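Notes to accompany the following structure.
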Amino acid sequence: MIELRNLSKSIQNGPRTVEILRDITLTISSGQFVAILGASGSGKSTLLGLMAGLDTPTSGEIRLDGTPVHNLVERDLASVRGSKIGFVFQSYQLIPTLTALENVLLPMELNGGASDAGRAGHLLEQVGLAERMNHYPVQLSGGEQQRVAIARAFANQPPIILADEPTGNLDSNNGHLVLDLLLERNREAGATLVLVTHDAQLAARADRKIVLSDGRVVEDSGGVAHG
């Protein structure tokens, strides 16, 4: 479902080249729940951003569900993101001027499809927000906002869900609830889930753990580490 081949990412900092990711080769199977761990600065969020097509690699190849995305122009990338990827951010990234229901409807509209208020409402019901659909983000708690974000991630029924520290801004109770909902929705949809986290307990629930250090894979519980 996700293939990375000899993937590297570097940036220029004045005269210096900073290597963020170094020659990473990974294959993530359809339906797998993968946790990516590592210290701050190890390259976790950069790797997730590359998988999502939110950033471009310095070298190497990325394929999502068989589609090469490493060399696509932004318009084509946006189309792939809209149809293949649901993203859950640590900071929720809800549109403040839209209600919970409208936030879930937004990916459908951006993807050029018909708005399906019934499906959006059902997704919000599934995450326990049936009574909060017409509330704006400012009227919702952090845990509720993240639940809206989970519902939004599944709006277009994507085959891949990417989550960057989805429980990082939540207390432990809300964090566990959000993770349970994410896994429940993911199992139901049969999607591939890749989650970046610092939380070892959360990672212990994954099918596979990939640990990064200094931009390299140093441990891979579900395969051979490359690079």
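Values in this text are rule-based calculations from the coordinates and carry no lab data. As the structure is a prediction and not an experimental result, all values here were calculated from the model. Ideal geometry is used to build each Cβ from the backbone, glycine not excepted, and the neighbour counts take in all protein chains shown.
Before moving on, here are some points about what is shown:
- Between the range 1-67 and the range 79-95, the alpha-carbon centres lie 17 Å apart.
- Averaging 1/r across all pairs of distinct Cα atoms in the range 2-220 and inverting the result yields a Kirkwood radius of 17.7 Å.
- Counting all C-alpha pairs of the range 166-227, share separated by more than 19 Å (%): 39
- Taking every alpha-carbon pair under 8 Å whose residues sit at least 6 apart, the chain reaches a relative contact order of 29 percent.
- For the range 2-220, the Cβ-based charge dipole about the Cα centre amounts to some 300 debye (Lys, Arg positive; Asp, Glu negative; other atoms uncharged).
- Of Gly66, Gly142, Gly128, the one that fluctuates the most in a GNM where the chain has Cα springs shorter than 10 Å: Gly66
- Dividing the summed -39500 (n - 2.57) terms of all DSSP H runs of n ≥ 4 by the residue count of the chain sets its mean residue ellipticity at 222 nm at -9500 deg cm²/dmol.
- Interchain or long-range residues, amide H under 5 Å from Ser213's placed H: Val218
- For the range 207-213, the Karplus equation 6.51 cos²θ - 1.76 cosθ + 1.60, evaluated at θ = phi - 60°, returns couplings of 6, 8, 10, 10, 10, 9, 8 Hz by residue, with Gly and Pro reported as x.
- Fraction in percent of alpha-carbon pairs per bin - 5 Å, the range 151-201: 5, 19, 33, 25, 13, 5, 0
- In percent, rounded to a whole number, the relative contact order of the range 1-104 is 27, using alpha-carbon pairs under 8 Å and six or more apart.
- In this rough spin-label picture, where each label sits 7 Å from Cα along the Cβ direction, the Ala117-Asp23 distance is 5.6 nm.
- Taking only the C-alpha atoms of the range 116-227, Rg followed by Dmax gives 15.5, 49 Å.
- Across the range 19-30, coupling constants 3J(HN,Hα) worked out from phi with the 6.51/-1.76/1.60 Karplus curve, θ = phi - 60°, read 8, 8, 10, 10, 6, 8, 10, 8, 10, 10, 7, 4 Hz, and Gly and Pro carry x.
- When the charge dipole of the chain is built from unit charges on Cβ atoms (+1 for Lys and Arg, -1 for Asp and Glu) and taken about the Cα centre, the candidate among Ser91, Thr197, Ala149 whose Cα reaches farthest toward its positive end is Thr197.
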